[in-house]
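Q: Below is a structure I'd like to ask you about.
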Amino acid sequence: MKYDFAAIEAKWQDFWEEHRTFRVTDDAPGPKLFILDMFPYPSGAGLHVGHPEGYTATDILSRYKRMKGLSVLHPMGWDAFGLPAERYAMKTNIHPRVTTAQNIETFRRQIRMLGLSYDWDREVNTSDPAYYRWTQWIFLQIYNAWFDPRARKARPIATLEVELAASGTVNLPDAPTVSAAEWKQWSRKQRHDFLAQFRLAYIADVPVNWCEALGTVLANEEVAEWTEKGFTVERRPMKQWMMRITAYAERLLEDAAVLDWPASTQEQQRNWIGRSEGAEVRFRVVDREEALTVFTTRPDTLFGATYMVLAPEHPLVDAMTSPEHTEQVRMYRASAARKSDVERGAEKDKTGVFTGGYALNPATGGRIPIWIADYVLMGYGTGAIMAVPAHDDRDMAFAKKFDLPIMPVVDGGTGAPECFVEEGTAVNSANAEISLNGLPTREAKSAMIRWLTDKGLGRSAVQYKLRDWLFSRQRYWGEPIPIIHLEDGTLATVPEDQLPLRLPDLAKFQPSGTTESPLALATDWVNCVDPVTTLKGRRETNTMPQWAGSCWYYLRYIDPKNEKAFCDPAKERHWMPVDQYVGGSEHAVLHLMYARFWHKVLNDLGHVSTKEPFLRLRHQGIILGEDSRKMSKSRGNVVNPDDVVKQYGADAMRLFEMFMGPLEEMKPWSTRGVEGVYRFLNRVWRLYVADDDAHGLLVADGAPGEAFERVYHQTVRKVTEDIESLRFNTAIAQMMIFVNEATKLDGRPRSIMEPFVLLLAPFAPHLAEELWQRLGHAETLAYEAWPVYDAAKAAEPEAEIVLQVNGKVRSKLAVPADTGREELERLATADAAVRKYTDGRKVVKIIVVPNKLVNIVVAG
RNA sequence: GCCGAAGUGGCGGAACUGGUAGACGCGCUGGACUCAAAAUCCAGUCUGGCUUACCCCAGGUGAGGGUUCGAGUCCCUCCUUCGGCACCA
């Protein structure tokens, strides 16, 4: 009988579904293991060949671990809110819910077709009201929390209210001053407004990246993606929901260190957070009360600060500007405001104007001019810098263009490069009170910070590049933000027992025409009354970004049907953290950063038990087209999984994707390669099943030969070790070696051929189940014990010893394994081929590596 | 420009803590089976040389140095590719 993959695969997919083979209960025996895939956005295009790569990897691991006796949580779901469905709805007026449901149907069918062992009882869908109810609930937890800098963690906002009533802001660092007495006298609105500045979710009037064509704002992180696609993004100030992720900068950085994540991903997260140490320095301004505070990483160069620059948006620009410069400052600010951050960054040529104001360099006492320029960004540090042109490239470029003074204060010891930005020795840096001269940069920094601190002119400081997360989107197809804007200007939350706040149905999905989302057009939905205050109000019309649903989906898998909580605490403690997470490296920053942030807030508030959600992370590499270029419709090199499965079967598809090369590497598709593994599966089939039905099974009872037994034990060892370290390509190579050996044999002993099926099962589960059944087993092999190897039987009895003379191979020798050093040396020196090179020469040294080689070093 | 990862046959890729470079697969060549083809099976396949005894010799893991008895593996310099960041003071 021939290998009929189509019939076999359909049969076992039905079997697994019918028997719910891969369902895992919370009290399942064995240690828990949580193996997670990044869930897909169900696009209209269906699954592409990149998806099965990661999914097969986790599937192999899951199947293997089940056979090792672990209880494996391995779920799948849908990241189902998103812009493509909404854009499609704009064109067709078909509700995104409808297209999303269809797309999910396709994805589910395709994933099922690959024989992936998910527990479908745990499927989640982020656009399902029963799911987004809890996304909204988590939003409210975040909204109703503040970051207590003393505890370095989030606490309920109520704790802040208690503290304010008791002691005002006396004990709160960096907070506007309010006494307990004042607080108690304040109105509801005053208290509301004051608390708003502490909440982890807050509304701010910020310059956003507005995309007219999409009718929405984009997060800074998303701008590049859309501009690459040809959309234009402009800056405009808008009221937006923000999340205070910056409060977690330090913890996101610290806690990452213990994670087993790819180095490049760790690095990207570190860069994104962008921590830098330095100092804040206050500069007095000539003839004015206000002072300017700057952040610098090089306080040691303060003596070299010859001018200052403010960001055009800096609030003190007007105060610094003298009457005769007002017009040029106004014009410069106007032109800067029109430019997007991207445009600003693209222009390398420095622009700026003088304000007419002067500050005093606190170290030299000298008058230095104050400029504004858009190379200084309002969003970083204090939005103002001290410019040290001698030791900063940007300041140097600016100083040269506008003919500003340059004062070297660091000696690099290597002549006099135009602009020396590295560390060196301080020079020209002394006043009546302090001298840095002669100090290396590191010491000069701390000496300067000490002096500034003593004089009350500055302090050491840490800055982060990380910005707060722009959370709202002007879209329909996302989670409604459960907030009501009341007529008195305060915000109310939708009560928890009224969640989910459902999306209203709309007839059309076009942008509202204003900067509001299409939800603004649903007037019945928008206008409401707050049940608590009975004030009239308008619902928030912005929705959440697509990241929201994926920030916590792993938690919902643990308890997907719970209507009382987002996840039962006991179940959470049992299953968390995720032991292995696999997904694309395109999520190295955004998804993984946002999810970690939410997780930490939930952890602080006592809702989850671990500091970090994902312990071990791997990325699957991108699969290129057969021409080694990125797959794209326009190049016509896209491979459709449906076609591959139809022609070669799911097992061949899975096996090929794993055999192509290391999981994390980028690699090209190869139809020939698929045929290769397909041939391998046929060879496996024919090892067990005769072409002609009359002969039945080809396995026989009886003891295996020693050599075959050895290959088998070596195969068990290699496959086991390779699965553990996710090196599937070499595991498959070893199984091919085994099959090549088995093919040569006349009689194939059942005692070996049977457990080999189990080794193959994680990789080619349909074929393995079929063979297992034909071998006489009534049950699925999914929970059969994983084969163990015998190290003694796997060991080679003979070792081939390489005989070298001066490092060159001159002969080889077969000896019993573990032959002693003396014996090896004796055999080597006596070897005829070796003696051709050693006779008549002086032996300097003999290196013996047991079971490996003997190297004879001769003089001359 | 800065940071990170990586460069191995005609191709995808193996090679544990420094110890026979090229496992396994693809492709190719030859053979068996067949009227023939497909499928399958067997053998060969880094390059050059010499013999034609697949015996031996020389070279070979992006380039050039170095450490070592011995380097794909460790160190230095450079080149290339991919990924990320890009006026972050």
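The values are calculated or read from the model by the stated rules, or taken from the named source; none is laboratory data. Since we're looking at a predicted model, the values are computed, not measured. Heads up, the Cβs are rebuilt from the backbone with ideal geometry, glycines too, and the neighbour counts pull from every protein chain shown. Calculation scope for accessible area: heavy atoms of the full protein, side chains included, ligands and nucleic acids excluded. Shrake-Rupley method; radii C 1.70, N 1.55, O 1.52, S 1.80 Å.
Q: For the range A:797-858, evaluate the Debye formula with one uniform point scatterer on each Cα (no solvent term) and list log10 I(q)/I(0) at q = 0.11, 0.27, 0.30 Å⁻¹, rounded to two decimals.
A: The calculated log intensity ratios at q = 0.11, 0.27, 0.30 Å⁻¹ are -0.20, -1.14, -1.38.
Q: Give the accessible surface of chain A per residue, rounded to a whole number of Å², with probe radius 1.4 Å and ligands, DNA and RNA excluded.
A: That works out to 44 Å² per residue.
Q: Still on this structure, please answer the following. Between A:ALA700 and A:GLU267, what is the label-point separation in nm under the 7 Å Cα-to-beta-carbon projection?
A: My value for the distance between the label points is 5.7 nm.
Q: Taking H as built 1.01 Å from N, whose amide H comes closer than 5 Å to the amide H of A:LEU47, not counting residues under 5 places away?
A: Residues meeting the amide H criterion: none.
Q: Please find the FRET efficiency linking A:ALA28 to A:GLU443, where r is the Cβ-Cβ separation and R0 is fixed at 60 Å, and quote it to the nearest 0.05.
A: Efficiency for this residue pair is about 0.50.
Q: On to the next question. What do you get for Rg/Rh of the range A:187-302 when both radii come from the Cα atoms and Rh is the Kirkwood radius?
A: That ratio equals 1.06.
Q: Under the 0.36 nm per residue contour assumption, what length would be gained going from the current alpha-carbon distance of A:LYS808 and A:ASP4 to full extension?
A: Additional length available on full extension: 284.2 nm.
Q: To test your reading of the geometry: what angle, between 0 and 90 degrees and rounded to tens, separates the Cα axis of helix A:96-113 from the longest principal axis of chain A?
A: 30 degrees
Q: Tell me which residues come under 5 Å, amide H to amide H, from A:ASP411 once H is placed; ignore anything under 5 positions away on its chain.
A: Long-range HN contacts for A:ASP411: A:THR425, A:ALA426, A:VAL427.
Q: How far is the Cα center of the range A:773-828 from the Cα center of the range A:295-324, in Å?
A: The range A:773-828 and the range A:295-324 have Cα centres spaced 72 Å from each other.
Q: I'd like the carbon and sulfur percentage of the solvent accessible area for chain A, probe radius 1.4 Å, heavy atoms only, ligands and nucleic acids excluded.
A: Carbon and sulfur together cover 51 percent of it.
Q: Could you tell me the relative contact order of chain A? Use alpha-carbon pairs under 8 Å, at least six residues apart, and round to a whole percent.
A: Relative CO of chain A lands at 14 percent.
Q: Further question: Return the Cα extents of chain A along principal axes one, two and three, sorted largest first, each rounded to a whole Å.
A: Extents along the principal axes: 101, 86, 55 Å.
Q: Using label points projected 7 Å from each Cα along Cα→Cβ, tell me how many nm separate A:GLU225 and A:ARG774, to one decimal.
A: Calculated label separation equals 4.7 nm.
Q: So, in Å, what gap is there between the alpha-carbon centers of the range A:265-284 and the range A:1-21?
A: 56 Å
Q: Further question: Give the separation of the Cα centroids, the range A:671-748 to the range A:545-586, in Å.
A: 39 Å
Q: Compute the distance in nm between two label points, each set 7 Å from the Cα along the Cα-to-Cβ direction, one at A:VAL98 and one at A:LYS845.
A: 8.1 nm
Q: Now for a different question. Once both axes come from the Cα atoms, what is the angle between helix A:50-67 and the longest principal axis of chain A, in degrees from 0 to 90, rounded to 10?
A: 60 degrees
Q: Related question: Using +1 at the Cβ of each Lys and Arg and -1 at the Cβ of each Asp and Glu in chain A, identify which of A:VAL834, A:LEU83, A:ALA595 lies farthest towards the dipole's positive end.
A: A:VAL834
Q: What fraction of the Cα pairs in the range A:18-93, stated in percent, has a spacing above 15 angstrom?
A: That fraction is 65 percent.
Q: I'd like the FRET efficiency for A:THR453 and A:ARG275, computed as 1/(1 + (r/R0)^6) with the beta carbon distance as r and R0 of 25 Å, rounded to 0.05.
A: 0.75
Q: Also: Heavy atoms of the protein only, probe of 1.4 Å, neighbouring chains included. What is the accessible area of A:SER187 in Å², nearest 10?
A: Probe radius 1.4 Å; accessible area of A:SER187 about 50 Å².
Q: Above 19 angstrom, tally the Cα pairs of the range A:726-860 and express them as a % of all pairs, no decimals.
A: Of all Cα-Cα distances in the range A:726-860, 64 percent exceed 19 Å.
Q: Per residue of chain A, what 222 nm ellipticity follows from adding -39500 (n - 2.57) for every DSSP H run with n ≥ 4, rounded to the nearest 500?
A: -11500 deg cm²/dmol
Q: Quick one: if the Förster radius is 22 Å, what FRET efficiency do A:GLU798 and A:THR829 give, using the C-beta to C-beta distance and rounding to 0.05?
A: 0.60
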